[in-house]
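Since the structure comes first, as structure tokens, the remarks are kept for the end.
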Amino acid sequence: MASILLFIRKWHRDIGYFFVGLTLSFSLSGIALNHRRIWSPENYVYVSKNFKTQLHLIKRDSITDELVQGILAEEKIDVKYMGFRVESPVKMNIFLEGGTAVVNLKDGTANLELSKIRPVIGQMVDLHTSQHRFWIWYSDIFSLGLIIISITGMFMLRGKNGFGRRGFKLTIAGILIPLLMLLFADL
């Protein structure tokens with residue numbers, strides 16, 4: 001029994017050490033993503049500019065890339081132009097590298113917002129949500145590592161604080177909370 005416990009402790013310790021950086025990264029970016037309704041953890045706006053266009057005087061079918069690029073040049077907006085789309089009779093989006101200008105087609109007013117990736121936390125969020133094939137596989141291995149850490153952690157202690165007594169009760173409580181949220185909460 002002592003050799004099994006020693007084996008479990010070694011795996012728990014070594015996997016924990018190996019994944020400490022990714023655990024912290026995913027934990028911090030997970031907290032940031034939980035609050036994305038309040039703020040953008042990925043990006044921050046570094047330019048916000050209101051300007052007036054003559055687009056409200058032009059038929060929507062007559063708006064061209066050249067016309068939009070001319071408006072951007074007049075406003076001295078020196079960002080790579082990516083295209084535009086008329087969203088509705090009153091709204092048009094101009095897509096730029098790192099941002100968007102939203103034009104009100106009723107009165108020609110426009111609002112430009114350019115954003116940059118938020119240092120450190122934005123990069124962590126990118127890792128957290130990455131769809132790169134290698135990263136998905138690595139994240140799956142990380143998830144398996146967390147499963148091993150969770151299971152081996154249950155058997156690290158013996159006695160009154162071990163899994164058989166206190167640990168079992170806390171484990172059941174920890175499993176019940178997410179189950180109750182899934183069953184009764186409107187997520």
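A few notes on this one:
- Here ASN50 clears all of (1) in contact (Cβ under 8 Å) with a residue 12 or more places away in the chain; (2) surrounded by 10 or more Cβ atoms within 10 Å (Cβ to Cβ) except the condition numbered (2).
Here is a yes/no grid of residues against (1) aliphatic (A, V, I, L, M); (2) in contact (Cβ under 8 Å) with a residue 60 or more places away in the chain; (3) touching a strand residue (DSSP E or B) at 6+ places or on another chain (Cβ under 9 Å):
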position	(1), (2), (3)
MET1	yes, no, no
ILE4	yes, no, no
PHE26	no, yes, no
PRO41	no, yes, no
VAL45	yes, yes, yes
ARG60	no, no, yes
ALA73	yes, no, no
LYS80	no, no, yes
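- Of all residues in segment 133-157, those being under 16 Å from LEU5 (Cα atoms) and either polar (S, T, N, Q) or touching a residue at least 24 places away in the same chain (Cβ under 8 Å) (or both) number 7.
- Any hit, segment 40-57, residues being more than 23 Å from GLY98 (Cβ to Cβ) and either modelled with pLDDT of 95 or more or not polar (S, T, N, Q) (or both): yes
- Of all residues in segment 131-180, those satisfying the criterion of being in a helix (DSSP H, G or I) and either of a type in the set (S, T, N, Q) or outside the structural domain of VAL20 (by TED's automatic domain parsing) (or both) are SER139, SER143, SER150, THR152, ASN161, THR171.
- Residues of segment 55-103 that turn out to be within 26 Å of the chain's Cα centre (by Cα) and under 20 Å from SER115 (Cα atoms), as a count: 17
- Residue under evaluation PHE134, criteria (1) hydrophobic (A, V, I, L, M, F, W, C); (2) surrounded by 10 or more Cβ atoms within 10 Å (Cβ to Cβ); (3) out of contact with any Asp or Glu (no Cβ under 8 Å at 6 or more places or on another chain), criterion not met: (2)
- Residue in segment 103-110 that is at pLDDT 95 or above, out of contact with any His (no Cβ under 9 Å at 6 or more places or on another chain) and surrounded by 14 or more Cβ atoms within 10 Å (Cβ to Cβ) present: yes
The values are calculated or read from the model by the stated rules, or taken from the named source; none is laboratory data. None of the values given here were measured: they were computed from a predicted structure. A quick note on method: Cβ atoms are made from the backbone with ideal geometry, for glycine too, and the neighbour counts reach across all protein chains shown.
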